[in-house]
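The values are calculated or read from the model by the stated rules, or taken from the named source; none is laboratory data. Owing to the predicted nature of the structure, the values given are computational and were not obtained by experimental measurement. When we count neighbours, we look across all protein chains shown, and the Cβ atoms used for this are built from the backbone with ideal geometry, even at glycine.
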2 protein chains.
Amino acid sequence: MMTTRSARSSTIAAHAEVLVRETALAARAAQCEFAGATRAVKDAALLAMASALRARSGSIRGANEEDLAAAREAGMKEGLVDRLALDEARIERIAASVEEIAALPDPVGQVVDGSTMPNGLRARRLRVPMGVVGMIYEARPNVTVDAAALAVKSGNAVVLRGGSAAGRSNAAIVAALRASLADRGLPADLVTTVDPAGREGAQALMRARGLIDVLVPRGGAGLIRAVVENSSVPVIETGSGNCHVYVDASADLAAAVGIVVNAKTQRVGVCNAAETLLVHQDVAQEYLPAAARALWERGTTLHADEASRAILADPAAGEGVERYLVAAVEEDWGTEYGSLDLAVRVVDDLAAAISHIRRYTTGHTEAVLAQDVAVINRFIAGMDSAAIMVNASTRFTDGGQLGLGAELGISTQKLHARGPMGLVELTTTTWVVEGDGHVRP
Amino acid sequence: MMTTRSARSSTIAAHAEVLVRETALAARAAQCEFAGATRAVKDAALLAMASALRARSGSIRGANEEDLAAAREAGMKEGLVDRLALDEARIERIAASVEEIAALPDPVGQVVDGSTMPNGLRARRLRVPMGVVGMIYEARPNVTVDAAALAVKSGNAVVLRGGSAAGRSNAAIVAALRASLADRGLPADLVTTVDPAGREGAQALMRARGLIDVLVPRGGAGLIRAVVENSSVPVIETGSGNCHVYVDASADLAAAVGIVVNAKTQRVGVCNAAETLLVHQDVAQEYLPAAARALWERGTTLHADEASRAILADPAAGEGVERYLVAAVEEDWGTEYGSLDLAVRVVDDLAAAISHIRRYTTGHTEAVLAQDVAVINRFIAGMDSAAIMVNASTRFTDGGQLGLGAELGISTQKLHARGPMGLVELTTTTWVVEGDGHVRP
């Protein structure tokens, strides 16, 4: 039995490898043909993709109904079923987002730098497409469209592997996108899927070094970790965010209340929401009750250390509102709650705040609220994160808010991309060096 | 027996892991302390490192003598022994190269871009050190110094793992560098080594994700491949070069002879030397005999396809020089000779040249020799390599030649760095965003 099962599973893996290889080679051929496309051609293709989604919304919704029925039968939680569901309005929003990507500037062909050398060689570094981009993601059909549109805009081909629960929806979407490309005389294989290869398809994608130029996982922390750990293809990692807010003794305390409330509660479940509040001991007595009241008013539970509990236990703190207050344990400092929960700690000084953050951060975003410029500068120098907010909410670490346009995700890695990632991260560069018979002496 | 041996080897691996972990944490602490160092402090540290190498050249040479004796006893080839050897002149050159790195501009603190947002937020993206850089390299003691100097200049700490044959030399060099840092009140752990952990130390470095920010392998193709395949730490890969020169029908044929000779023979054994010559059929009859004569005069063996052999077999071709001519086999097209050998092929047209290159290239450098601008533009658009030379030798893909200063290596990967890599590739960026109490609506 064991032998048979293991033989069968290795046959499945071998089939998946063949499918991924053939798909990636077809994608490469399509990308070679498409690499020189002008922005006008690419934008027209994107507009055609948006139209095709609208025109085929009936068949896409039909396929989605089948996915939804199967998901409910399999006992999928309603929250997840909702993320999987496509109605007319959602398909319209997805189509509109493709049109927004068409409106973005084209990174390809941008001259990054260059100069004329002392010997007269004329060198310039150009942005060019990455080539074949692999995407591994979960059961959200909108990501299928998003990934295809970002890839086409940046001159790449994309090989998709979506969550199996969305299999029928994704197949219908991919068929619509491919037909719209073919109708315009463009290579349909710019958008391909290895979904038929199942789980083994994802594994084979991770091993397809040389066939896939870059792999972008999109989804929960578990998915991203699995891809990072198992992939021999280079990965662009979007990380999780355990973001901190430090309120210094020199802070404008009224502004600091507004910023903490915004960073924690303006939208929960996003990676740039604050998870830990650190308060300088000299202002804790004054600041914490005011901040707690505002946070409690919005239903936030505070996971407080002993010093802050001593202050917040005072009946005057948060008088008249429901007080959500629990004792912080070691685990709280490393937790990305993704909910209306906030860890709170009183620190001796700036150095203690920096030490705490360096120990527990995931390297996403940290905020310093201070009026003392020396404190601000020491805080900036002490961090090792993708973004540092000075007297502003952590929620501003966002491609749209920082003027980058559509966002692939927020990178917490240090190589290639750090912080909000735009289209430019799906490109690489090439040197073009022109001479007149130049040889090296 | 097997159990005992396997138990022993897993004990060694566990020890190596502990050593790497402790070393990396010490390096991290040193880097945190050093991260804010000004250029003046860093350059002074580099000059002190250079002085220490000169001052301790006696003990370094003593250690090197022991390495050399052991290597000869172990039967190391004289070519490799020579690369391992340090004499007074070589130590002087190594020290001088540290001073050259001190003279380079400091990438840290550079403002990459930034702007003021519509809501008044002031955002800028700054270059910051990568953190802890790991280097795995072979038995060339000069790399020890080079790696340490580049790391210090870019505000990083470095964890070294050198070839075991250079163990004593590297220990003496590292001791000198660490002493020079400590003497200036700087953290000695900016420069550390895991050489005592042996082979298992290299393995543990590759698994030290989160402790080591980036791993840079330097050495032969085998070493680089092993690191790329086994590392879970992000790798900056320096690749091999199977570089092509395409001589179009529109080429200036006299200039094309000079360029091919330069690309092949000016220095062999470097990654930007040409390995394959492709000639358009319309000019093959005129060009090949002239090119062959010039290449033969410099002792180059031509591995020629049938069409070019038919031309070169003519007794008039290369009259009066020794004719090194063999039949090309399939393997030749994918070979990086690193020697006075050149594969030669006649192609039907530009499209055939592009197809050949796309099939066999390692993505380093390709040259097009042509006067027809349409050909040049189609060639550029058809390539997928780090550098494209237009009417110039492939040998110009070089940090010094392209104005980047000291070079870490030439990257043929597409993520993070492509082409010649300078100090800037040992940095990452961070967003600093300043507000006045800004919250997100």
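Scanning segment B:427-441 for residues that are under 23 Å from B:Ala148 (Cα atoms) and either of a type in the set (Phe, Trp, Tyr) or within 7 Å of chain A (Cβ to nearest Cβ) (or both) returns B:Thr428, B:Thr429.
In this entry, A:Val439 passes the filter for residues that are surrounded by fewer than 22 Cβ atoms within 10 Å (Cβ to Cβ), of a type in the set (A, V, I, L, M) and not assigned by TED's automatic domain parsing to the domain that holds A:Val247. Flag: A:Val368 matches the condition of being of a type in the set (A, V, I, L, M), touching a residue at least 40 places away in the same chain (Cβ under 8 Å) and either within 12 Å of chain B (Cβ to nearest Cβ) or closer than 24 Å to A:Ala221 by Cβ (or both). The residues in segment B:412-426 that are within 14 Å of B:Thr365 (Cβ to Cβ) and at the interface with chain A (Cβ under 10 Å from one of its Cβ atoms) can be counted, and the count is 3. Filtering segment B:304-320 for residues that are buried (at least 21 other Cβ atoms within 10 Å of the Cβ), outside any helix (DSSP H, G or I) and under 32 Å from the mean Cα position of the chain (by Cα) leaves a non-empty set.
Restricting segment B:106-118 to residues that are outside any strand (DSSP E or B) and not aliphatic (A, V, I, L, M), the residue that is farthest from the other protein chains (Cβ to nearest Cβ) is B:Asp106.
In the set (1) of a type in the set (D, E, K, R); (2) in contact (Cβ under 8 Å) with a residue 40 or more places away in the chain; (3) surrounded by 21 or more Cβ atoms within 10 Å (Cβ to Cβ), the condition left unmet by B:Arg178 is number (2).
Residues that are part of a helix (DSSP H, G or I) and more than 9 Å from chain A (Cβ to nearest Cβ) were ranked within segment B:220-233; the one that is surrounded by the fewest Cβ atoms within 10 Å (Cβ to Cβ) is B:Gly222. Annotation: A:Asp384 fulfils all but one of (1) under 24 Å from A:Asp282 (Cα atoms); (2) assigned to a loop (DSSP other than H, G, I, E, B); the unmet one is (1). Looking at segment A:286-298, which of its residues are farther than 22 Å from A:Ile354 by Cβ and out of contact with any Phe, Trp or Tyr (no Cβ under 7 Å at 6 or more places or on another chain)? A:Glu286, A:Pro289, A:Ala290, A:Ala292, A:Arg293, A:Ala294, A:Leu295, A:Glu297, A:Arg298 - these are the residues of segment A:286-298 that are farther than 22 Å from A:Ile354 by Cβ and out of contact with any Phe, Trp or Tyr (no Cβ under 7 Å at 6 or more places or on another chain).
What helices (runs of 4 or more DSSP H) lie completely within segment A:12-86 and have 1 or more residues being of a type in the set (Gly, Ala, Ser) and more than 25 Å from the chain's Cα centre (by Cα)? First the steps, then the outcome.
Details: elements: A:39-55, A:57-73, A:78-84.
Hits in segment A:12-86: A:39-55, A:57-73.
Any residue at all in segment A:340-350 that's closer than 30 Å to A:Ala151 by Cα, assigned to a loop (DSSP other than H, G, I, E, B) and touching a residue at least 40 places away in the same chain (Cβ under 8 Å)? The answer is no; no qualifying residue exists. The residues of segment B:269-303 that are surrounded by fewer than 16 Cβ atoms within 10 Å (Cβ to Cβ) and modelled with pLDDT under 95, listed by number, are B:Gly269, B:Val270.
Every residue in segment A:234-250 that is within 10 Å of chain B (Cβ to nearest Cβ) and either modelled with pLDDT of 95 or more or over 21 Å from A:Met383 (Cα atoms) (or both), please. If you could, list the steps in order and put the result at the bottom.
Initially, segment A:234-250 is screened for residues within 10 Å of chain B (Cβ to nearest Cβ), giving A:234-237.
Within segment A:234-250, A:Pro234, A:Val235, A:Ile236 meet the criteria.
Say we look at segment B:348-365 and pick out the residues that are more than 18 Å from A:Trp431 (Cα to Cα) and of a type outside the set (Gly, Ala, Ser); which of these is nearest to the other protein chains (Cβ to nearest Cβ)?
Looking only at segment B:348-365, we keep the residues that are more than 18 Å from A:Trp431 (Cα to Cα), and these are B:348-353, B:355-356, B:359-360.
Within this subset, residues satisfying the condition of being of a type outside the set (Gly, Ala, Ser) are B:348-350, B:356, B:359-360.
Values: B:Asp348: 18, B:Asp349: 17, B:Leu350: 14, B:His356: 14, B:Arg359: 11, B:Tyr360: 13 Å.
Top of the filtered list is B:Arg359.
Please tell me if A:Val257 is out of contact with any Asp or Glu (no Cβ under 8 Å at 6 or more places or on another chain), assigned to a helix (DSSP H, G or I) and within 14 Å of chain B (Cβ to nearest Cβ). Outline the logic, then answer.
Working: out of contact with any Asp or Glu (no Cβ under 8 Å at 6 or more places or on another chain): yes; assigned to a helix (DSSP H, G or I): yes; within 14 Å of chain B (Cβ to nearest Cβ): yes.
Against the criterion (out of contact with any Asp or Glu (no Cβ under 8 Å at 6 or more places or on another chain), assigned to a helix (DSSP H, G or I) and within 14 Å of chain B (Cβ to nearest Cβ)), A:Val257 qualifies.
The residue of segment B:371-407 that is farthest from the other protein chains (Cβ to nearest Cβ), among those that are touching a residue at least 60 places away in the same chain (Cβ under 8 Å) and surrounded by fewer than 24 Cβ atoms within 10 Å (Cβ to Cβ), is B:Ala406. Condition (residue is within 26 Å of A:Ala406 (Cα to Cα) and hydrophobic (A, V, I, L, M, F, W, C)) applied to segment A:9-23: is it met by at least one residue? Scanning segment A:9-23 turns up no residue that is within 26 Å of A:Ala406 (Cα to Cα) and hydrophobic (A, V, I, L, M, F, W, C). Checking each residue of segment B:141-151 against the condition of being surrounded by fewer than 20 Cβ atoms within 10 Å (Cβ to Cβ), in the same structural domain as B:Leu205 (by TED's automatic domain parsing), farther than 21 Å from B:Asp213 by Cα and within 28 Å of the chain's Cα centre (by Cα) gives at least one match. Number of residues in segment B:274-298 that are closer than 17 Å to B:Lys264 by Cβ and either among the small types (Gly, Ala, Ser) or in a strand (DSSP E or B) (or both) equals 10. Given the structure, is A:Val433 aliphatic (A, V, I, L, M), in a strand (DSSP E or B), surrounded by 18 or more Cβ atoms within 10 Å (Cβ to Cβ) and over 18 Å from the mean Cα position of the chain (by Cα)? So A:Val433 fits the description; yes.
This table checks each residue for (1) in contact (Cβ under 8 Å) with a residue 40 or more places away in the chain; (2) among the hydroxyl-bearing types (Ser, Thr, Tyr); (3) surrounded by fewer than 19 Cβ atoms within 10 Å (Cβ to Cβ); (4) closer than 25 Å to B:Asn156 by Cα.
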{"residue": "B:Ala27", "(1), (2), (3), (4)": "yes, no, no, yes"}
{"residue": "B:Ala50", "(1), (2), (3), (4)": "yes, no, no, yes"}
{"residue": "B:Arg54", "(1), (2), (3), (4)": "yes, no, yes, yes"}
{"residue": "B:Ser59", "(1), (2), (3), (4)": "yes, yes, yes, no"}
{"residue": "B:Leu68", "(1), (2), (3), (4)": "no, no, no, no"}
{"residue": "B:Glu78", "(1), (2), (3), (4)": "no, no, yes, no"}
